[in-house]
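Q: Following this message is one structure expressed as structure tokens.
The values are calculated or read from the model by the stated rules, or taken from the named source; none is laboratory data. All figures in this text were calculated on a predicted structure; none of them were measured in a lab. Cβ placement follows ideal geometry from the backbone for every residue including glycine, while neighbour counts extend to all protein chains displayed. Side chains included, ligands, DNA and RNA excluded: accessible areas come from the protein's heavy atoms. Shrake-Rupley method; radii C 1.70, N 1.55, O 1.52, S 1.80 Å.
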Amino acid sequence: MPDTQVAAADPDTMANKTYDAVIIGAGIAGMYQLYRLRQLGLSVRVLETGSGVGGTWYWNRYPGARFDSESYTYGYSFSEELLQDWNWSEHFAPQAETLRYLNHVADRFDMRRDIRFGSRVSSAAFDEAARRWEVTLDGGERFFGRFLITAIGPLSAHTLPRIPGVDSFRGQSFHTYRWPHEPVDFAGKRVAVIGTGATGVQVIQTIAPLVGRLTVFQRTPNWCTPLHNRKITEDEQRKIKAGYPAMFDLLRRTPGCYIHNTDPRGTFEVTEEERETFWEKLYSEPGFGIWMANFRDVLTDPKANALFSDFVARKIRQRVKDPATAEKLIPKCHGFGTRRVPQETGYYEAYNLPHVELVDTRATPIERITETGVRTSDAERGFDMIIYATGFDAITGAFDRIEFRGTGGQRLKDHWADGPKTYLGLMSAGFPNMLTIVGPHNASTRCNIPRCIEQNVDWATGLMRAARDRGITRFEATPDAEAEWSRHIEELADGMLYTQVDSWATGVNSNVEGRNVRRILQYQGGAPAYRARCDEVAATGYAGMVLS
Ligand code: NAP
């Protein structure tokens, strides 16, 4: 697996560490932002915790990690040469291939010389007199940037479960986000997996055939549907490359920038037979079509949602041999698609293997992680390895882990204490010269994320260009614009079934103090409307902002 970092001559040791822009994070967003700002001729420093590029794809090396967006819809669109050069091997590429791709991009565009690896930002404070950000790393080293751009990811603040004894286990244990770079041997091992979100599902289905014994600790089942991945043939490769312009054009028009678009029909506008045929077709097709190209009311009308949930429940009952296990795997407290739908390959069949056990932790809660295993209310099981697929303090968690201080020393964490307040999901009043790529309240976290990243970054670049051309050294969202946008975000979410369900998308995480209240964190109006609004703000000379 590539983790190639070149320790190039460090320009920071020569310069005074003052840049036009400091970017936090060298994942997909940070890399693209670097590329764009360099084109403007700005001096830029990217600060990255990891020892390599790739963000999500650098950290998430757990077994089975792969796309569930079609590979060719996920890559960068900014370079025709890059698009024509790169061959995706599978319709849904595995993590190692994606990381290889991102390393290829970093090399091809000579990005590494402006990235400082192994550099975790601990705080960033706006200096009003100098009109610049002072960014401090763990260890105290400081960098200065006129503009600060966060590209820290919505799912990068991983969380271990708050279960007593987590530190006491003497076997191997990993959070999926912090998976080791070295190969992990599963042969003959007694393995526990805690968590059955999209990550847990990928891990479970992948390691089930490899381990001696697998015990899955499930608190909430999810509605999982088949990925139907396969290799890309040579003929398909040619068609993909010839079809990029039309495909990107389509992606610009769908709500989540996927190749799947909502079916305009209502669930009850067709006959029962037509409905069943349509749903069978969706179940047999690859990717997120079943979630995103379903009838238009499946995610908003409780009756339509319940009917489709019944359809998926029937599939689970057909695929899982033991009826009691099947019932445990069928969600009872939330409808299909109201939480992120894990895409699976043989996930349900894993539970038909004799050495795989499913423990419902609502019926028999985990009481303690012991030195040798996991104790539930009814049993103690010994393990050689515990895998925590327990998720993230999503969307705002990565912001909380850095102490951002704006005007008057106010903390972003305090400003967002009752939920994020933003303008366009890209900035916050009181935090001048700071842009939050893939931040809360923008369209990106309900999006085929590189597509929305490109939009966020292009918009940020437009603002930087205007600043450069007009000699602007300070910009800030007005409190009114922020309040209006934050209200708009609430209105858009009104009527969506997902807002009535606990999940990372509503900001609930039982492992983080205070994260037990649902919040509206995402823009629900669809990427095209979001893009139009951002474009309008730019076209009107940045209405809602003060530039000076
Ligand atoms: P997640 O969806 O938040 O799932 C975390 C799991 O851990 C849940 O099943 C949760 O149960 C369980 N859990 C947490 N704390 C627990 C505790 N104390 N005791 C028992 N169970 C506990 O996190 P994730 O699976 O890492 O996925 C997060 C997101 O990452 C996905 O939704 C997706 O957007 C993204 N992702 C993408 C891909 C891809 O593109 N291919 C793959 C993986 C992930 P509860 O549900 O009861 O809280």
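Q: Sequence neighbours fewer than 8 away in the same chain don't count; with that in mind, list the lysines whose C-alpha is under 26 Å from Lys315.
A: In chain and number order, the partners are Lys231, Lys281, Lys303, Lys328, Lys332.
Q: Continuing with the same structure: Given the rule -39500 (n - 2.57) for each run of at least 4 DSSP H residues, summed and divided by the residues of the chain, what is its mean residue ellipticity at 222 nm, to the nearest 500 deg cm²/dmol? Don't skip to the answer; put the middle values down first.
A: Working: 18 runs with 173 residues, N = 548.
It lands at -9000 deg cm²/dmol.
Q: Where Lys and Arg each count +1 and Asp and Glu each count -1, what net charge lies around Phe383 among other residues with Cβ under 9 Å from its Cβ?
A: +3
Q: Which of the aspartates and glutamates could a cross-linker span from Lys421 if the Cα-Cα distance has to be under 15 Å and same-chain partners fewer than 8 positions apart are dropped?
A: Excluding near neighbours in sequence, the set is Asp400, Glu476, Asp480, Glu482, Glu484, Glu490, Glu491.
Q: Then there's this: Taking just the C-alpha trace of segment 68-115, give me its Rg and Dmax in Å.
A: Considering segment 68-115 through its Cα atoms, Rg and Dmax are 11.0, 32 Å.
Q: Beyond 18 Å, what percent of the Cα pairs of segment 202-293 remain?
A: 67
Q: With unit charges on the beta carbons (Lys and Arg positive, Asp and Glu negative) and the dipole taken about the Cα centre of the chain, which residue among Leu47, Val517, Gln205 sits farthest to the positive side?
A: About the Cα centre, the residue reaching furthest to the positive side is Leu47.
Q: Once Lys and Arg get +1 and Asp and Glu get -1 on their Cβ, which of Ala130, Leu492, Val270 lies farthest toward the positive end of the dipole of the chain?
A: My answer, from the dipole projection, is Ala130.
Q: Next question. Considering all projection directions equally, how large on average is the shadow of the alpha-carbon convex hull of segment 385-435, in square nanometres? Each step should come with its number before you reach the end.
A: Numbers: hull surface 18.5 nm².
If I average the Cα hull's projected area over directions, I get 4.6 nm².
Q: Might you report the magnitude of the Cβ-based charge dipole of the chain about its Cα centre, with Lys and Arg at +1 and Asp and Glu at -1, to the nearest 20 debye? Write out the running numbers ahead of the final one.
A: On the way: 65 positive and 68 negative charges, 110 e Å.
I would put it at about 520 debye.
Q: Next question. Viscosity 1.306 mPa s, temperature 10 °C: Stokes-Einstein D of segment 297-344 from its Kirkwood Cα radius, in µm² per second?
A: Values: Rh = 11.3 Å.
Here the translational diffusion coefficient equals 141 µm²/s.
Q: What whole-number value in cubic angstrom gives the convex hull volume per residue for the C-alpha atoms of segment 33-136?
A: Details: hull volume 13.2 nm³, N = 104.
Value for segment 33-136: 127 Å³ per residue.
Q: Then there's this: Using the crude model of +1 on Lys and Arg Cβ and -1 on Asp and Glu Cβ, and no other charge, please compute the dipole size for segment 364-422 relative to its Cα centre, in debye to 20.
A: Working: 8 positive and 10 negative charges, 68 e Å.
The calculated dipole for segment 364-422 is roughly 320 debye.
Q: Using a 1.4 Å probe on the protein heavy atoms, what percent of the accessible area of segment 452-548 belongs to carbon and sulfur? Write out the running numbers ahead of the final one.
A: Values: 2090 of 4160 Å².
The C+S portion of the solvent-accessible surface of segment 452-548 is 50 percent.
Q: Ok, one more. Can you give me the distance in nm between label points at Gln84 and Glu367, each placed 7 Å from the Cα along the Cα-to-Cβ direction?
A: With each label placed 7 Å out from Cα toward Cβ, I get 6.7 nm.
Q: Note down the Stokes-Einstein diffusion coefficient of segment 401-538 in µm²/s, whole number, using a Kirkwood radius over alpha carbon pairs, 10 °C, and 1.306 mPa s.
A: Details: Rh = 15.7 Å.
Estimated via Stokes-Einstein, D reaches 101 µm²/s.
Q: I've got another one for you. Segment 210-287 to segment 37-97: how many Å between their Cα centroids?
A: Between the Cα centres of segment 210-287 and segment 37-97 lies a distance of 21 Å.
Q: If you take the square roots of the eigenvalues of the alpha-carbon gyration tensor of segment 326-371 and sort them as a ≥ b ≥ c, do you get rounded (a/c under 1.5), prolate (a/b over b/c) or oblate?
A: Working: a/c = 2.01, a/b = 1.25, b/c = 1.60.
It is oblate, given that a/c is not under 1.5 and a/b is not larger than b/c.
Q: Could you grab the Rg to Rh ratio for the chain? Cα atoms only, Kirkwood for Rh. Walk me through the numbers on the way to the answer.
A: Working: Rg = 23.4 Å, Rh = 24.5 Å.
Answer for the chain: 0.96.
Q: Quick one: with all protein chains in place, what share of the accessible area of segment 138-212 is carbon or sulfur, to the nearest percent (1.4 Å probe)? Numbers along the way, then the final one.
A: Values: 1510 of 3050 Å².
Carbon plus sulfur share of accessible area: 50 percent.
Q: Continuing with the same structure: Relative to the compact-globule scaling 2.2 N^0.38 Å, provide the ratio for the alpha-carbon radius of gyration of segment 80-193. List each step's numbers first, then the result.
A: On the way: Rg = 20.0 Å, N = 114, 2.2 N^0.38 = 13.3 Å.
In units of the globular-protein estimate, segment 80-193 measures up at 1.51.
Q: Something else now. In whole percent, how big is the carbon plus sulfur part of the accessible area of segment 310-356, probe 1.4 Å, protein atoms only? Write out the running numbers ahead of the final one.
A: Working: 1150 of 2070 Å².
That fraction is 56 percent.
Q: Highest first, please rank the peptides 50-58, 492-500 by the mean number of other Cβ atoms sitting within 10 Å of their residues. Before the final figure, lay out each step's value.
A: Numbers: 50-58: 22.3, 492-500: 15.6.
Taking the mean over residues of other Cβ atoms within 10 Å, the ranking is 50-58, 492-500.
Q: Please report Rg over Rh for segment 106-252, where both radii come from the alpha carbon positions and Rh follows the Kirkwood definition.
A: Numbers: Rg = 22.3 Å, Rh = 20.9 Å.
Dividing the radius of gyration by the Kirkwood radius yields 1.07.
Q: Taking the Cα centre as origin and putting +1 on Lys and Arg beta-carbons and -1 on Asp and Glu beta-carbons, what dipole magnitude results for segment 304-451, to the nearest 20 debye? Display every interim value, and only then the final one.
A: Working: 20 positive and 17 negative charges, 126 e Å.
The calculation lands at about 600 debye.
Q: How many times 2.2 N^0.38 Å is the alpha carbon radius of gyration of segment 86-149?
A: Working: Rg = 17.1 Å, N = 64, 2.2 N^0.38 = 10.7 Å.
My calculation over the Cα atoms of segment 86-149 gives 1.60.
Q: From the Cα trace of segment 167-241, what convex hull volume per residue do you get, rounded to a whole Å³?
A: On the way: hull volume 12.2 nm³, N = 75.
It is 162 Å³ per residue.
Q: While we're here: Mind listing P(r) for segment 233-280? All alpha-carbon pairs, 10 Å bins, whole percents.
A: 22, 30, 30, 18, 0
Q: Heavy-atom accessible area per residue, the chain, 1.4 Å probe: how many Å²? Don't skip to the answer; put the middle values down first.
A: Details: 21710 Å² over 548 residues.
Ligands and nucleic acids excluded, the result is 40 Å² per residue.
Q: log10 I(q)/I(0), Debye, Cα-only segment 439-493, no solvent, q = 0.14, 0.18 Å⁻¹?
A: Rounded to two decimals, the profile gives -0.52, -0.80.
Q: Suppose we flag GluC sites (Glu not before Pro) only when DSSP calls them loop and at most 11 other Cβ atoms lie within 10 Å. Which is the longest uninterrupted stretch of the chain? Numbers along the way, then the final one.
A: On the way: sites that count: Glu371, Glu513.
Between the exposed loop sites, the longest stretch runs 1-370.
Q: Sort all Cα-Cα distances of segment 382-470 into consecutive 5 angstrom bins from zero, then give the percent of pairs in each bin up to the one containing the longest distance.
A: 3, 12, 19, 20, 16, 13, 7, 4, 3, 2, 1, 0, 0, 0
Q: Lone cysteines in the chain, defined as no other cysteine's Cβ under 4.7 Å from theirs: which are they?
A: Cys224, Cys257, Cys333, Cys534
Q: What Kirkwood hydrodynamic radius do you get for segment 276-398 when you take the inverse of the mean 1/r over all pairs of distinct Cα atoms, in Å?
A: Numbers: mean 1/r = 0.0586 Å⁻¹.
Answer for segment 276-398: a Kirkwood hydrodynamic radius of 17.1 Å.
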